[in-house]
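J.: Structure below; questions to follow.
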Amino acid sequence: MENSSSQNGRGLTNAVDETLVSHGLLNPNQLRVVETEALVDTGAVKMVLPMTIVQELGLRIRGQQTAQYADGREEEIGLTEALIIEIQERETIEAALVTGNEVLIGQTVLKTLDLLVDCKNQCLIPNPKHPNYPVFRI
C-alpha cells in the first residue's frame, strides 16, 4: 500500500552550483535553490521533479530512465544530475526523475535521511531510534 503525505518547505539545491561556490568559482548569490512543497510517496522509489523545478534549479538531464507508474504503464523519462535535498535539517544528494507537475519524495530519500512516514499526522518524523541524526545501513 502506498502512503503519501504533504511536506512543506523542502530545500532543493543544485549540487554542481554548491561545489562551484565552495571552490570560489561561483558567486554564492548565484547558487540555485528552490523551496517547495513535496508529496511523500512510499510507493515511489526515486525522487521525482517536474520540468519547471528542474529548469529553475538549472539541472542538466544526464540521461533517460524507464519508469513504471502505479497503473503499470512504462515510459522513458529524464534523469537529472545530482541535487541536494534537505528535509528537517537532514540532507542527501541524489539524481531525480523528471515527470509530472509535483515534487515526489520517494523511498531512497526517506531511507537515506532516516525519516519515517507518520500516516496519522500526515508528516515525516525522524526514526525514533536515531532522532538527532540519520544512521545509514550498510
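Read-outs throughout are calculated quantities, based only on the coordinates presented, and are distinct from any laboratory measurement. Predicted model, so just to flag it, every value in this text is computed and none were measured. So basically every Cβ, Gly included, is an ideal-geometry build from the backbone, and we count neighbours across all protein chains shown.
J.: Over segment 10-106, what is the relative contact order in whole percent, taking alpha-carbon pairs under 8 Å and six or more residues apart?
T.: Details: 200 pairs, mean separation 36.1, N = 97.
Relative contact order, segment 10-106: 37 percent.
J.: Taking other Cβ within 10 Å of each residue's Cβ, how do LEU104, LEU31, LEU59 sort, fewest first?
T.: Details: LEU104 21, LEU31 13, LEU59 25.
Lowest count first: LEU31, LEU104, LEU59.
J.: Step through the residues of segment 45-59 one at a time and calculate ³J(HN,Hα) from phi using the Karplus curve (6.51 cos²θ - 1.76 cosθ + 1.60, θ = phi - 60°), rounding each to whole Hz and writing x for Gly and Pro.
T.: With the stated coefficients, segment 45-59 comes to 8, 9, 6, 10, 10, x, 4, 4, 6, 4, 5, 4, 7, x, 7 Hz.
J.: Still on this structure: Straight-line reach from LYS46: which aspartates and glutamates have Cα under 18 Å away, leaving out those fewer than 8 places along the same chain?
T.: Qualifying aspartates and glutamates at Cα under 18 Å: GLU2, GLU37, ASP71, GLU74, GLU75, GLU76, GLU81, GLU86, GLU91, GLU94, GLU102, ASP114.
J.: Would you please classify the overall shape of segment 54-96 from the alpha carbon gyration tensor, given that a ≥ b ≥ c denote the square roots of the eigenvalues, rounded means a/c under 1.5, and beyond that prolate means a/b larger than b/c while oblate covers the rest? Before the final figure, lay out the partial values.
T.: Working: a/c = 2.83, a/b = 1.54, b/c = 1.83.
Verdict is oblate for segment 54-96.
J.: Calculated from DSSP H runs of 4 or more alone, at -39500 (n - 2.57) each and per residue, what is the 222 nm mean residue ellipticity of the chain, nearest 500?
T.: Details: 3 runs with 22 residues, N = 138.
One gets -4000 deg cm²/dmol as the mean residue ellipticity at 222 nm.
J.: Now for a separate question. Report the label-to-label distance for MET51 and ASN101 in nanometres (one decimal), using points 7 Å from each Cα along the Cα→Cβ vector.
T.: About 1.3 nm, to one decimal.
J.: While we're on this one: Can you sort LYS129, LYS111 by how many other beta carbons sit within 10 Å, fewest first?
T.: Details: LYS129 8, LYS111 15.
Going from sparsest to densest Cβ surroundings: LYS129, LYS111.
J.: Here is a follow-up. Per residue and in cubic angstrom, what volume does the convex hull of the Cα atoms of segment 32-83 have? Before the final figure, lay out the partial values.
T.: On the way: hull volume 4.7 nm³, N = 52.
About 90 Å³ per residue, rounded to a whole number.
J.: At a 10 Å Cβ-Cβ cut-off, how would you order LEU113, LEU83, fewest neighbours first? Numbers along the way, then the final one.
T.: Working: LEU113 22, LEU83 26.
Fewest-to-most Cβ neighbours within 10 Å comes out as LEU113, LEU83.
J.: For segment 1-123, what mean projected area does the convex hull of the alpha carbons give, in nm²?
T.: On the way: hull surface 31.1 nm².
For segment 1-123, the mean projected area of the Cα convex hull comes to 7.8 nm².
J.: A further question follows. Roughly what % antiparallel, to the nearest 5, for the DSSP beta bridges in the chain?
T.: Numbers: 31 of 35 bridges.
The antiparallel proportion sits near 90 percent.
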